[in-house]
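Asks: One structure follows; several queries about it will come next.
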Amino acid sequence: MKTEPFVAATAIADPDDYAHLMIPGPCRLDPRDAEVLGRPVRPHYGAGWVASFRAVLADLSALLGAPHVYLMPGSGSAGLDAALFNLFEPGQSVVVADTGYFGRRLIDMARVHGLHVRVVPCAPGLPVDLERVAEALPGCHGVILTLVETATGVRHPVERIAALAREHGALTLVDAVAAAGGERIDLQGAGIDAIATASQKGLGGAPGLAVVALGENGHRAVHARATRPPTWFYDLARWDAAALESPDWEPTPVTMPTGLVLALAGSLARMRETGFDAWLAERAALARLCRDGLRTLGLDVIEPDGCAASLVVVALSPHADEIRERLARDDGIMIAGGLGPFEENAFRVGLVGAGGTRPMVELLLERIAAARR
Ligand SMILES: *Cc1c(COP(=O)(O)O)cnc(C)c1O
């Protein structure tokens, strides 16, 4: 067997090393946050660490309108698992909207957690139908919904769904992985009980951190369970207990990926300095610029009335794959292919992290125009 020397293998430029990531996550890091990742590893305890950790939780709490925030090692799906474990008990019934690729994942996850799922179908590219959710709700313990479905670029009306769920005494869990840091979310104000998201998309961080946020009602529900969830790691009561036991030294029950937390802290601090509202308004304006530009180039863009997402734009074109390949080859720009109901003849642009800027959108539009000539 021929063995390649280790050095030679790592020295080869990786063909997946794009200059510009414009996929809907993971995002390209701001160079200041990337530099933080290169520093010596810090332990997950001590007064200095606690101050940084608390700052991240406070920023997430302000951004999401959430009184209770948990940061855990893991991806967005880990956050969803955590929320599912803690909010619901096996044998309960939930309504899940089939919004597309990630809606399907929620259906699958709910089943893995032993829940009976009432699936509400969605028309591709349109927001979930509130009447169909209302019809499915009686007798259910919860509603699980994607805020932004990354396969379609649609922002679903979770606030109205949460109000409906509340009328039926059901809990609302929202998948905000492709929404946090891009969409206005007022968890407590909207009566949403829990959301899960991740560091590597709209929050502008590196991959590896899951975020779970609870409203007061969701937090009460987590602590009012008859039995603890069948998991040690994801039991949020354990995370609450650790934060109470050692608030000034080691506020988590496990080792944290401290570098990832500190890189995320940088990204969130810049959003806070811009002002969270101003930041979100800029995301919406950037998505509008991107959609208008693509339409001007003759592409079909998914843009339901009042429900177009800020962090992901889906365009339809019979030349989608060709455009995507040309951008990768000629410009080092990586955009994503179609997914779910728009798997064929579509591409997706992610406006997250360092790829989510006006100059990047202008460059993208110019290069797509060139690719189509
Ligand atoms: C990316 C994404 C996920 C999965 O997140 P991971 O971090 O890969 O686990 C889930 N839901 C939505 C809407 C997403 O966009």
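The values are calculated or read from the model by the stated rules, or taken from the named source; none is laboratory data. Treat the numbers as computed from the prediction; the structure is a model and nothing was measured. Positions of Cβ are generated from backbone atoms using ideal geometry, with glycine treated the same way; all protein chains shown enter the neighbour counts.
Asks: Look at residue 339 and say whether it is in contact (Cβ under 8 Å) with a residue 12 or more places away in the chain, hydrophobic (A, V, I, L, M, F, W, C), buried (at least 18 other Cβ atoms within 10 Å of the Cβ) and over 20 Å from residue 286 (Cβ atoms).
Replies: So residue 339 fits the description; yes.
Asks: Then there is this: Of the residues in segment 201-224, how many are buried (at least 24 other Cβ atoms within 10 Å of the Cβ) and either at positive phi or within 12 Å of the chain's Cα centre (by Cα) (or both)?
Replies: The number of residues fulfilling the criteria is 9.
Asks: Name every residue in segment 61-87 that is within 26 Å of residue 279 (Cα to Cα), away from the ligand (no atom under 16 Å from the Cβ) and not β-branched (Val, Ile, Thr), in order of residue number.
Replies: 61, 62, 63, 65, 66, 67, 68 - these are the residues of segment 61-87 that are within 26 Å of residue 279 (Cα to Cα), away from the ligand (no atom under 16 Å from the Cβ) and not β-branched (Val, Ile, Thr).
Asks: Here are some residues: 129, 108. Which one is within 12 Å of the ligand (Cβ to nearest atom), without any contact (Cβ under 8 Å) to a residue 60 or more places away in the chain and surrounded by fewer than 19 Cβ atoms within 10 Å (Cβ to Cβ)? Talk me through it step by step, then tell me what you get.
Replies: Numbers: 129 fails: within 12 Å of the ligand (Cβ to nearest atom).
Checking each option against the conditions leaves just 108.
Asks: Could you list all residues from segment 276-329 that are at positive phi and touching a residue at least 60 places away in the same chain (Cβ under 8 Å)? Write out each step before concluding.
Replies: Here is the first cut: in segment 276-329, the residues at positive phi are 298, 306.
Listed by number, the list holds a single entry, 298.
Asks: Oh, and also: Got a sec? Which of 280, 289, 351 is surrounded by fewer than 19 Cβ atoms within 10 Å (Cβ to Cβ), closer than 20 Å to residue 184 by Cβ and under 23 Å from the mean Cα position of the chain (by Cα)?
Replies: The conditions single out 289.
Asks: Sticking with this structure for a sec: Suppose we keep only residues that are part of a loop (DSSP other than H, G, I, E, B) and surrounded by fewer than 19 Cβ atoms within 10 Å (Cβ to Cβ) within segment 159-190. Which one would you say is nearest to the ligand (Cβ to nearest atom)?
Replies: So, considering only residues that are part of a loop (DSSP other than H, G, I, E, B) and surrounded by fewer than 19 Cβ atoms within 10 Å (Cβ to Cβ), the one nearest to the ligand (Cβ to nearest atom) is 184.
Asks: Also, I was wondering about something else. Within the group 203, 244, 260, which residue is in a helix (DSSP H, G or I), within 14 Å of the ligand (Cβ to nearest atom) and within 21 Å of residue 58 (Cα to Cα)?
Replies: 260
Asks: Filtering segment 139-158 down to residues that are closer than 22 Å to residue 220 by Cβ, within 16 Å of the ligand (Cβ to nearest atom) and assigned to a strand (DSSP E or B), which residue is farthest from the chain's Cα centre (by Cα)? If you could, list the steps in order and put the result at the bottom.
Replies: Of segment 139-158, the ones closer than 22 Å to residue 220 by Cβ are 139-145, 158.
After this cut, where a residue has to be within 16 Å of the ligand (Cβ to nearest atom) as well, the list is 143-145, 158.
So of that shortlist, the ones also assigned to a strand (DSSP E or B) come out as 143-145.
Details: 143: 18, 144: 15, 145: 13 Å.
Only one residue fits best here, namely 143.
Asks: Among the residues of segment 228-241, count how many are in contact with a Lys or Arg (Cβ under 8 Å, 6 or more places away or on another chain) and assigned to a helix (DSSP H, G or I). So that I can check it myself, show each step before the final result.
Replies: At the first step, the residues of segment 228-241 found to be in contact with a Lys or Arg (Cβ under 8 Å, 6 or more places away or on another chain) are 232, 235, 237.
Keeping just the survivors that are assigned to a helix (DSSP H, G or I) gives 237.
Number of matching residues: 1.
Asks: Okay, next question. Quick check on segment 49-67. Is at least one of its residues of a type outside the set (Ser, Thr, Tyr), more than 27 Å from residue 280 (Cα to Cα) and modelled with pLDDT of 95 or more?
Replies: yes
Asks: Do you know which residues across segment 88-105 are of a type in the set (Lys, Arg) and either more than 9 Å from the ligand (Cβ to nearest atom) or within 20 Å of residue 214 (Cα to Cα) (or both)?
Replies: The answer is 104, and nothing else.
Asks: Could you list, in sequence order, the residues of segment 277-295 that are away from the ligand (no atom under 16 Å from the Cβ) and closer than 14 Å to residue 361 by Cα?
Replies: 282, 284, 285, 286, 288, 289, 290, 291, 292, 293, 294, 295
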